[in-house]
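Every read-out reported here was derived from the displayed coordinates using simple, explicitly stated rules and does not represent laboratory data. Because the structure is a prediction, the values reported are computed rather than measured. No Cβ is skipped: glycine too gets one built from the backbone with ideal geometry, and neighbour counts run over all protein chains shown.
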Amino acid sequence: MMELKFLITLLMLFHIIKSDTEENLIYSTAWATSLYKIVPPPLTLSNNTLRQIIRISSSSERIRLKLSNKIGKSNLEIKKINIADSLNQGTGEIVKNTITPITFDGKENIIIPPGKEIYSDIFYYHLKSLSEVAISIFFGEVPSEYTGHEASMTNSFIEEGNKVNNTKISTNNKVAHYYYISLIEMLSKDKKSTIVCFGDSITDGVGSTNDKHSRYPDLLSTKIKLNKDTSYLSVINEGITATRVTTQGIERYSHDVLEIKGIKYIIFLYGVNDINWLDSTFSEVIEAYKKIINLAHENNIFIYGCTILPYGKNEIWTEAREKVRKEVNNWIRHTKSDEGGFDAFFDFDEFMKDTNDETILKHEYDCGDGLHPNNQGYQRMVQAIHNLTLFTLEPEFKNNLNIIDKIGVKFKLDNNLEENTDVNIILKGECKGSYGFRIAFYNDKNEKTSDYFYTGKIEKGKFELDINLTINDISSYIVIRRPISTINIDYIELRYLEVKTADYTKIFNIINEFEFL
């Protein structure tokens, strides 16, 4: 019986590998959180184990983890790290036979320099949608400045020494914060995309119960998965408590939202802190909204706004601030996308207000501070997201890399390609007709290491090219450019670029990972 199970496992693994080599693989995101400087844990992480519990939005068999030391002023040393299925919610227990080591260039240990973020190796693990997994890290030295996320609404557990492989961990030192983990990405040939919930403390889930995953993005993820037309979508939470859209929201938007792999839709709930803490005017809030909306549209992403919830029972409420809130909500409801507004909106205000006093949260939805919802309130918010057909719309590639007005574009490779490496390039796009362009590789000194001139006529419409060439020297960049710098190509728009060697695959995010020449 054991031999049969082992054989079935090998066949499954072979099928996955075979599928990966035969078809294009696409990155998307299963889980993420926004990171910033946070308070130290109750027990030092140095030479101790931290176990963090996260809830996965989508299933996958092939994943990678991103870690961040962006706040630290010294090296972050990780001696060992693994992932496993969580057992008994809120206890930190894990399922022994699911423990899977995570490596970095094949090694268990990694040092992350100050200000840097790194990806693990891609590895196989049975990630199940809407399930909990535990990430256990045994640290060496850690910076005095901690990178993390305070309002995790999920407890993490710290125990002295190396306990990453222990199924149970002490609950004496627990804290509802995340440290150093940034996101989990999936690599799949299947259709997968990501919804990013972007906002402040209400998106973050303040007022919900720890370890119950009752924040509105968690509940929406369940709703999305149960609908067959949207079940391929992940829902991730990029909310940060106590932030304002006019300042931190705009500053972190590119990193925390636009760079998320597979992003297709944004649910945007922001502005109440601007009104309350900065006394921002209607015009100031809307100006920030328009910047966010424009950047979403430039990156071919649908963005759905949310009306600001009432908070009249909170001590920070004033009539003047209420007036701005209503003006902002009116703009969200009545400004069309082609007039600079959101592509659609969800009316949280309407669903959450008290029918007898529209300035306050309905009592049964209030966590007690007049501002944040409770578990029932977050459930009610998800009811406001009733039109799931909005998450079946396809963007129109409004502003991909149109190289008609530029000499070309350059993409940085993750790994240098060595001399005499055979490279396969898959390039997809759309054009109005062109007689060719060059694909070339360059080293860090900006010296050309290979050159390929596509001379065939590309007919009008979508195209897909599969090109093979050999690198003549160490290469760090791939460049796509006009055949001759003085000749204008007739509108070529890049949609997909993959660079593949025998032991390396890079699928570029066309919008975010390029430089114009």
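Given +1 on the Cβ of Lys and Arg, -1 on the Cβ of Asp and Glu, and no further charges, what dipole in debye does the chain carry about its Cα centre, rounded to the nearest 20?
That gives a dipole near 620 debye.
Take the Cα coordinates of segment 93-185, assign each an equal point scatterer, and use the Debye formula without solvent to give log10 I(q)/I(0) at q = 0.23, 0.25 Å⁻¹.
Results for segment 93-185 at q = 0.23, 0.25 Å⁻¹ read -1.82, -1.90.
Using Cα positions and a limit of under 12 Å, work out the aspartates and glutamates in reach of LYS212, with same-chain residues fewer than 8 apart set aside.
Candidates past the 8-residue exclusion: GLU132.
Any idea how far the Cα center of segment 42-78 sits from the one of segment 348-373, in Å?
After rounding, the separation between the Cα centres reads 36 Å.
Rounded, prolate or oblate: which one fits segment 343-386, using the alpha carbon gyration tensor with axes a ≥ b ≥ c (rounded when a/c is under 1.5, else prolate when a/b beats b/c, else oblate)?
Oblate shape, in that a/c is at least 1.5 and b/c is the bigger or equal ratio.
Using packing as a proxy for protection, rank 328-334, 277-283 so that the peptide with the highest average count of other Cβ atoms within 10 Å comes first. If you can, show how the numbers build up before the last one.
Numbers: 328-334: 18.0, 277-283: 14.3.
In descending order of packing, they fall as 328-334, 277-283.
Which cross-chain or sequence-distant (5 or more) residues have an amide H under 5 Å from the amide H of THR103, H modelled 1.01 Å from N in plane?
Here ASP121 satisfy the definition.
Label ASP451 and PHE463 with points 7 Å out from Cα along Cα→Cβ: what is the distance between them in nm?
The modelled label-to-label distance comes out at 1.9 nm.
Restricting to DSSP H runs of at least four residues, report the calculated mean residue ellipticity at 222 nm for the chain, -39500 (n - 2.57) per run over all residues, nearest 500 deg cm²/dmol.
Helix contribution divided over all residues of the chain: -5500 deg cm²/dmol.
How about LYS323: which lysines have a C-alpha closer than 27 Å to its C-alpha, ignoring those fewer than 8 places off in the same chain?
Correct list for LYS323: LYS290, LYS291, LYS313, LYS336, LYS353, LYS362.
Would you work out which of VAL196, GLY305, PHE268 lies farthest towards the positive end of the dipole of segment 191-399? Charges go on Cβ: Lys and Arg +1, Asp and Glu -1.
VAL196
For segment 97-113, in order, what is each residue's ³J(HN,Hα) by Karplus, 6.51 cos²θ - 1.76 cosθ + 1.60 with θ = phi - 60°, in whole Hz (x at glycine and Pro)?
The phi angles translate into 6, 9, 4, 10, x, 10, 10, 9, 6, x, 10, 6, 9, 8, 10, 9, x Hz.
Using the Karplus curve 6.51 cos²θ - 1.76 cosθ + 1.60 with θ = phi - 60°, what ³J(HN,Hα) values do you get for each residue of segment 350-358, in whole Hz, with x for Gly and Pro?
5, 6, 9, 6, 6, 5, 8, 8, 6
Would you please give the residues with an amide H less than 5 Å from that of ASN48, counting only those at least 5 places away or on a separate chain, with H modeled from the backbone geometry?
When sequence neighbours closer than 5 places are left aside, the close amide H contacts are PHE139, GLY161.
For segment 407-412, what does the Karplus curve 6.51 cos²θ - 1.76 cosθ + 1.60, with θ = phi - 60°, yield as ³J(HN,Hα) per residue in whole Hz, taken in order and with x for Gly and Pro?
Values per residue, Gly and Pro as x: 5, x, 9, 10, 10, 8 Hz.
Assign one of three labels to segment 140-294, namely rounded, prolate or oblate, based on the Cα gyration tensor with a ≥ b ≥ c the square roots of its eigenvalues; rounded applies when a/c is under 1.5, prolate when it is not and a/b is larger than b/c, and oblate otherwise.
Judged from the Cα gyration tensor, segment 140-294 comes out oblate (a/c at least 1.5, b/c at or above a/b).
Pull up all non-local amide H partners of LYS80: gap of 5 or more, or a different chain, and H-to-H distance under 5 Å with H placed in the peptide plane.
So LYS80 has HN proximity to PHE138.
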